[in-house]
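Reviewing the structure listed below.
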Amino acid sequence: MGEWPVGDGPVASVEAVFREERGRLLAALVRRFGDLDLAEEVTSEAIEAALAHWPVDGVPPKPGAWLMTTARRKAVDRLRRDQAFAARLAILQVEADRAGPVPAAELDGDLPDERLQLFFTCAHPALAAEDRTALTLRCLAGLTTPEVARAFLVPAATMAKRITRAKKKIREARIPFRVPGADELPQRLPGVLQVVYSVFTEGYAASSGPRLQRLDLAEEAIRLARILRRLLPAEREVAGLLGLMLLVHARRDARTGPGGELVLLEEQDRGRWDRPMIEEGSALATVALTGGPVGPYGVQAAIAALHDEAADVAATDWPQIAALYDVLLALTPSPVVALNRAAAVAMRDGPRAGLALLDELAGEPLLRGHHPYPAARADLLHRLGRDAEAAAAYREALGLAGTEPERALLRRRLGAIEETRSSSKGTRHGS
């Protein structure tokens, strides 16, 4: 493990372990004992022991090694007390030995970093999509079960059952705790990246609730992507994902007003954007686009970089953004990508061209219940002077929006159109 600020005190050191190193410790224990539940329990017990001993004895020179030794002892003690459990783990260990040793990336002399194996275990395609994300947050982001439940806006008991179900599936299906081979990695890595991106998406634009953003979730996703970037430095799509998230997260402070209201891109104070984060994200986007065929995260990072590097909406390179959406649509055909492409085309060629593309998507099932679709139609209809249709589209979007800041924006836009129409009618009647 890296050097820790011992002078900050034992509590600060333990918190640093839990946030930054817990996943690393957990992964090493799962690899050693082959059981997520046991690894989680002894990891927690080791941290509790540190809280008890370090204030008295001082923080050890190698805190990670101390925790690992303590956790291993507690695991061995438990196995001695539970012979049936020990026998089951012995079978798992024999199977793991037959599969051959898995090389671990040694980051220092304390503890091998086996988090990459845990990433692929938590994101295994045999698990349900919602279970993969929940397990990743629990095991690799270090969130407690109630914290994961809040992220998904479900009761803690429901989330506990979901996490238990995922662990049971791993155990009963004998899902291997390993990094896929070079021949499997191209098929398996997108699933891991999708889990991390889904966490970020919920943080960037919450699906429901009083707030637009969940910054804690967005930052956890970025932290997980940084881990993946360190563990898989040659994978350009990992660079693309991290770059995309940094470029989008750089706008966080300007996306809401003083009262939490939503501020759209064209109205944001770009002086509040995080320039160092934009520079880092743009550099990663360049990495993702260099050296071979591009992937979807690299393309999305390039689009985000063009937005972030423009002085304002008028100065944005809309032709380049529309062209990149053409590439993205070819890589990942999706109604949501087509919706974003239509918005870019509207900025490049005018609202009539964009609306024609949106009308082609009217029958897409994935866009039913997706409020950005009627909201985008409403905006283009309004720009074309078709305010009666725009008002109807805004009402549809208002009924679908999940968060209060989104609903408030739609109400303001609908109200402005209705006021204009009312004034126009009054003028005609009085003439």
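The values are calculated or read from the model by the stated rules, or taken from the named source; none is laboratory data. Please read all numbers here as calculations on a predicted model, not as lab measurements. Every residue, glycine among them, receives a Cβ derived from its backbone with ideal geometry; neighbour counts consider all protein chains shown. Only protein heavy atoms, including side chains, enter the accessible area calculation; ligands, DNA and RNA are left aside. Shrake-Rupley method; radii C 1.70, N 1.55, O 1.52, S 1.80 Å.
Key figures
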quantity: Pairs where the first residue, in region 288-317, is closer than 14 Å to Leu331 by Cβ and the second is among the polar types (S, T, N, Q) and open to solvent by 20 Å² or more (accessible area, probe 1.4 Å), C-beta under 7 Å, 6+ apart; calculated: Pro296/Thr332
quantity: Failed criterion for Met277 (all others in (1) surrounded by 17 or more Cβ atoms within 10 Å (Cβ to Cβ); (2) over 22 Å from Val337 (Cβ atoms); (3) out of contact with any helix residue (DSSP H, G or I) (no Cβ under 6 Å at 6 or more places or on another chain) hold); calculated: (3)
quantity: Residues of region 1-59 satisfying the condition of being at pLDDT below 80, open to solvent by 30 Å² or more (accessible area, probe 1.4 Å) and of a type in the set (A, V, I, L, M); calculated: Val6, Val11, Ala12, Ala16
quantity: Leu339 closer than 20 Å to Leu264 by Cβ, in contact (Cβ under 8 Å) with a residue 60 or more places away in the chain and either part of a helix (DSSP H, G or I) or not small (Gly, Ala, Ser) (or both); calculated: no
quantity: Options Ile170, Ile175; residue that is in contact with a His (Cβ under 6 Å, 6 or more places away or on another chain) and among the aliphatic types (A, V, I, L, M); calculated: Ile175
quantity: Enumeration of residues in region 313-360 that are among the hydroxyl-bearing types (Ser, Thr, Tyr) and open to solvent by 40 Å² or more (accessible area, probe 1.4 Å); calculated: Thr332
quantity: Residue satisfying all of: in region 405-420; at pLDDT below 90 and acidic (Asp, Glu); farthest from His371 (Cα to Cα) among these; calculated: Glu419
quantity: Those residues of region 135-172 which are closer than 25 Å to Leu232 by Cβ and not charged (D, E, K, R), in sequence order; calculated: Leu135, Thr136, Leu137, Cys139, Leu140, Ala141, Gly142, Leu143, Val148, Ala151, Ala166, Ile170
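Yes/no per residue for (1) touching a Gly at 6+ places or on another chain (Cβ under 9 Å); (2) among the basic types (Lys, Arg); (3) open to solvent by less than 60 Å² (accessible area, probe 1.4 Å):
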{"residue": "Leu244", "(1), (2), (3)": "yes, no, yes"}
{"residue": "Asp253", "(1), (2), (3)": "no, no, no"}
{"residue": "Leu264", "(1), (2), (3)": "no, no, yes"}
{"residue": "Arg272", "(1), (2), (3)": "no, yes, no"}
{"residue": "Gly281", "(1), (2), (3)": "yes, no, yes"}
{"residue": "Ala285", "(1), (2), (3)": "yes, no, yes"}
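Let's see how each residue does on (1) closer than 20 Å to Leu135 by Cα; (2) without any contact (Cβ under 8 Å) to a residue 60 or more places away in the chain:
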| site | (1), (2) |
| --- | --- |
| Gly191 | yes, no |
| Tyr197 | yes, no |
| Glu219 | yes, yes |
| Ile222 | yes, yes |
| Leu232 | no, no |
| Arg236 | no, no |
| Leu244 | no, no |
| Ala250 | no, yes |
| Val263 | no, yes |
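Per-residue answers, yes or no, for (1) of a type outside the set (Lys, Arg); (2) assigned to a helix (DSSP H, G or I); (3) surrounded by 15 or more Cβ atoms within 10 Å (Cβ to Cβ):
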position	(1), (2), (3)
Ala362	yes, no, no
Gly369	yes, no, no
Ala376	yes, yes, yes
Gly385	yes, no, no
Ala408	yes, yes, yes
Arg412	no, yes, no
